[in-house]
Structures are given as C-alpha cells and as structure tokens.
1. Give me the net charge of residue 141's neighbourhood, meaning all other residues with Cβ under 13 Å from the Cβ of residue 141; Lys, Arg count +1, Asp, Glu -1.
2. May I ask you to sort 104, 140 by Cβ crowding, counting other Cβ atoms within 10 Å and putting the fewest first?
3. Starting from 0.36 nm per residue, how many nanometres of slack lie between residue 136 and residue 152 once their C-alpha separation is accounted for?
4. For the stretch 144-164, list residues with backbone N below 17 Å from a point placed 7 Å from the Cα of residue 95 toward its Cβ?
5. Quick check: Cα centre of the stretch 84-127 to Cα centre of the stretch 149-166, how many Å?
6. Counting other beta carbons within 10 Å of each Cβ, put 153, 68, 133 in order, fewest first.
7. Between residue 145 and residue 62, what FRET efficiency follows from the Cβ-Cβ distance if R0 is 35 Å, with the result rounded to 0.05?
Amino acid sequence: MAMDTVRDFSHYQLKEFRSLVGLENPHEPAEVDPQTGVFEDEYDAEDPESKAFFEEVDEAVTLSRSERLYGFIACFLIGWIISFTSVSTLPSIALNPSRFAVLYSSGNLVSLASTMFLFGPWKQFKSMFEDVRRASTLMYLGSILLTLFCAFRLHSIPLVILSMALQFVRHATTGSLLVVVP
C-alpha cells in the first residue's frame, strides 16, 4: 500500500516536471503541427497579425522538445557560469567596475533567456508582462539596467555593489515568477 502511494506521488512529480519543461501538458494533450513541430497554442489566436509574424519566425526556427530542453539546460548553465565568473573580477572592481557589472548582468539575462527555449520567446514575453508579473519583471530588468548605469556612467563602486545586490535580491525573489508555469 505504501509503495503504491510513493509510486503515485513519484509519477505525479514526474508529470509536473515534464509539464514544467514543456514535455507534457497535464490539462490537455499536446498538439504539435507535424510540418513545423511547433505547439499550436504558442500564438495569440485573437491577433492574426502576430500569428502571421510568429508563424514566419517559427517556420525559420523550429525545435523539437528534446532540443528545447537541451537549449534550456545549456543556456541556463552558460548564464550561471558567466555570473559566477563575475565573482572572479571582484578584486579588480576598484579599477574596472564595468567588467564586473557586464559579466554579472549578462549572466542573469542569459539565464532568464534560457526559459524562452522551453516555452518559446513570444509566450515567455507575454507571460512576463502579464498584470501579475509586470511589476516584478520591470523591477528585475530595472535593477540590471541600474547596475550597468552605475558602472558605466557613474563609475561608483559602492553604487555598483549596491545595485548588484539589488539585482541579486530581485533575481532570487522574482526570478522564478518570471518563468511561465503551466
């Protein structure tokens, strides 16, 4: 009896993970256009102009589910490697704060962009700017811009460190909210 419960729970967790990474939709069967390999629900059916534009984009670039997953993992890891590389430039932040700011900010942007592999750029962009997530998205992107502004225009080491800390906090608290969750 206990093993059945564990097996059912494990199956449920696997199903949730697969739906999170775009391999399975728990609410309805995945409908993929056999010619393009693109999920049909990635377009806004109410806006025919956006559908035409994104159909052109999707015809040019189509990825299978496994390619999307590999792209996500690779992009996410590259983003974190770039961010962690920025830590190695901390000793030289007094001489060149812009190098640290660029590495840290670009690492966070690459990590954020990795989710676009899973759900598609248009769906991710629309989700990030929904009413519920708009303020978090703008604060997170604003903190990235603030870090770069403090490094390049103000050349202020304390402000770069402060804005980087703000960026870290925004990423840690809202980064997961920016991801589309089915």
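1. Net of charged neighbours comes to +3.
2. Fewest-to-most Cβ neighbours within 10 Å comes out as 140, 104.
3. Difference between extended and current length: 3.3 nm.
4. In the stretch 144-164, the label zone of residue 95 (backbone N under 17 Å from the point 7 Å along Cα→Cβ) covers 157.
5. 15 Å
6. Neighbour counts put them in this order, fewest first: 153, 133, 68.
7. Given R0 = 35 Å and the Cβ-Cβ separation, E is 0.60.
Here, each number is a calculation from the coordinates, and none is a lab measurement. From a predicted model like this one, the values you see are computed outputs, not experimental measurements. Here the Cβ is made from the backbone with ideal geometry for all residues, glycine too, and neighbour counts use every protein chain on show.
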